[in-house]
1. Work out the P(r) tail for chain A: percent of alpha carbon pairs separated by more than 34 Å, whole number.
2. Using a ≥ b ≥ c from the Cα gyration tensor of the protein assembly as shown (square roots of the eigenvalues), is it rounded, prolate or oblate, where a/c under 1.5 gives rounded and otherwise the larger of a/b and b/c decides, a/b for prolate?
3. Using a 10 Å cut-off on Cβ atoms, rank the peptides B:36-45, A:270-279, A:133-142 from the highest mean neighbour count down.
4. Can you compute the label reach from residue A:244? Point 7 Å from Cα along the Cβ direction, backbone N cut-off under 12 Å, restricted to the range A:124-155.
5. For chain B, modelled as a Gaussian network with Cα springs under 10 Å, which listed residue fluctuates most, B:222, B:32, B:196?
6. Please compute, for peptide B:36-43, the average count of beta-carbon atoms on other protein chains lying within 10 Å of each residue's beta-carbon.
7. Kindly provide the helix-only [θ] at 222 nm of the protein assembly as shown, computed as the sum of -39,500 (n - 2.57) over DSSP H runs of four or more divided by all residues, to the nearest 500 deg cm²/dmol?
8. Please order B:120, A:35 by the number of other Cβ within 10 Å, starting at the fewest.
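Read the figures in this text as sums done on the coordinates, not as results from a lab. Everything numeric in this text was worked out from a predicted model, so none of it was measured. Here the Cβ positions follow ideal geometry from the backbone for every residue, glycine too, while neighbour counts run over all protein chains shown.
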């Protein structure tokens with residue numbers, strides 16, 4: 001960390017202290033506009049969303065102040081019926097919610113693993129010296145640059161059951177004998193989402209891993225070669241441990257992105273129960289049904305899950321995300 | 001590194017495969033966008049017919065051009081605003097030691113990664129209270145949630161790398177922190193700001209959830225929402241040709257930008273480690 005080391009020669013200590021104090025004071029002033037802005041657009045809305053999850057707010061009562069405080073009822077509510085029967089309701093006993101939770105987890109685990117695997121492969125290729133490497137690197141940036149809405153529509157068209165080129169190709173080589181309704185059928189909807197997501201985000205993973213690969217000193221490989229160590233062993237003993245920090249950071253960023261996924265699923269498989277995620281379900285509750293209470297309860301739970309995940313990951317992986325004390 | 005002929009062939013096949021998978025979907029979108037009528041519904045690998053009908057169709061819709069203008073305006077203003085706030089903030093975070101700096105950095109990173117849906121209802125209320133619902137400012141305000149932490153984070157990483165000597169020299173000459181930022185750091189920071197700005201621009205340009213939620217009328221939509229809501233006379237009749245033409249129109253500028261600034265983008269992505 002670069003810190004200030006003004007030359008102390010011939011200067012009274014007092015003046016030095018003042019200089020440091022002056023810098024700290026200036027730092028606070030410089031940070032203020034950003035902090036105010038973040039409080040306004042992030043902290044306050046987050047606080048309000050969490051508050052809504054404890055009320056029965058709907059699209060009508062959101063602004064007229066008629067929504068009531070209901071405590072944890074949106075999460076879990078015990079209802080005693082007149083016949084003495086006890087009924088539980090709320091997000092935590094909602095089968096749709098748990099379906100969305102498992103979909104999100106399944107999607108995140110599979111997509112991030114596949115992206116790490118393919119990202120590593122692509123990074124290893126790009127780390128070699130060969131003709132046209134620059135072109136390949138440019139080409140893999142294209143999926144990353146394409147807006148998600150566009151990739152969802154583009155792939156939706158390619159995976160179309162009647163006119164899609166994917167079915168056409170697969171039937172052409174005899175892999176399938178009749179067209180598959182990729183995005184509509186509940187068996188293949190998740191697969192379709194995974195294909196598009198892996199296609200779109202592997203480049204990001206590859207570039208981060210490549211940066212890690214390029215930091216490995218060449219002489220480590222040369223030493224291994226002189227000792228006659230098999231390349232596969234070199235990969236597992238030298239390459240993999242050396243890129244672990246870069247890989248960990250890439251994986252955590254991607255995982256956080258995967259856990260909150262919304263647009264791809266909302267656009268590619270709009271009505272499918274097989275792919276609906278926590279974000280999509282919460283959005284439906286809020287926007288389509290106007291149930292701000294329950295929808296906010298869902299988004300709050302997602303927020304809690306993601307926060308726990310980050311804390312756990314940092315504790316287990318000892319990842320230093322800030323890079324402040326290197 | 002010596003390789004056998006067989007290994008070489010295998011390696012280049014892998015390279016060709018990577019390139020093909022990367023660019024084929026967009027290539028196919030371009031082919032489709034130039035087809036109309038029945039040709040559209042016939043899968044093919046090479047262009048077989050050529051028609052500009054889809055482009056005429058999309059560009060003759062006033063609302064699409066309007067959406068394009070909205071997207072440009074919103075993304076540009078959001079990025080300009082974020083950079084303005086981020087330059088001073090990242091100076092403080094990168095160059096001054098003060099209590100709670102590590103925690104603050106963690107918080108900023110946390111904000112850039114938390115789920116957008118978690119603030120959706122609160123932000124909806126705020127936007128209505130401020131009276132900017134269904135106006136471009138609603139999106140400028142909400143996009144600040146991810147562009148501001150992102151720009152602060154990446155600029156902080158860049159600013160840390162700058163040598164301490166230049167700053168010391170200025171301080172010895174009696175420069176105030178403000179002078180140090182504007183006269184010493186800003187000229188050195190331009191390349192980093194271009195990179196960061198570009199990544200933030202792509203992020204704002206591509207955003208979908210807030211744009212879908214905080215606009216209602218056709219004239220206020222951004223391009224991603226306009227494409228998502230392009231529909232035919234009935235739900236059975238998806239206007240694929242028009243959708244592909246619109247997709248090509250909004251993607252081409254991005255791809256050109258990305259190819260021009262390729263090296264800078266890679267540097268920015270890896271320095272920040274955060275998705276734009």
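1. Details: 24626 of 52975 pairs.
Above the 34 Å cut-off, chain A has 46 percent of its Cα pairs.
2. On the way: a/c = 1.55, a/b = 1.12, b/c = 1.38.
Oblate, since a/c reaches 1.5 and b/c is not below a/b.
3. Values: B:36-45: 14.3, A:270-279: 20.2, A:133-142: 17.7.
In descending order of packing, they fall as A:270-279, A:133-142, B:36-45.
4. Counting only backbone N, you get no residues.
5. B:32
6. Details: counts 0, 0, 0, 0, 2, 3, 3, 11.
Mean number of neighbouring Cβ atoms from other chains: 2.
7. Details: 26 runs with 396 residues, N = 602.
Helix-only estimate at 222 nm: -21500 deg cm²/dmol.
8. On the way: B:120 27, A:35 16.
Going from least to most buried by this count: A:35, B:120.
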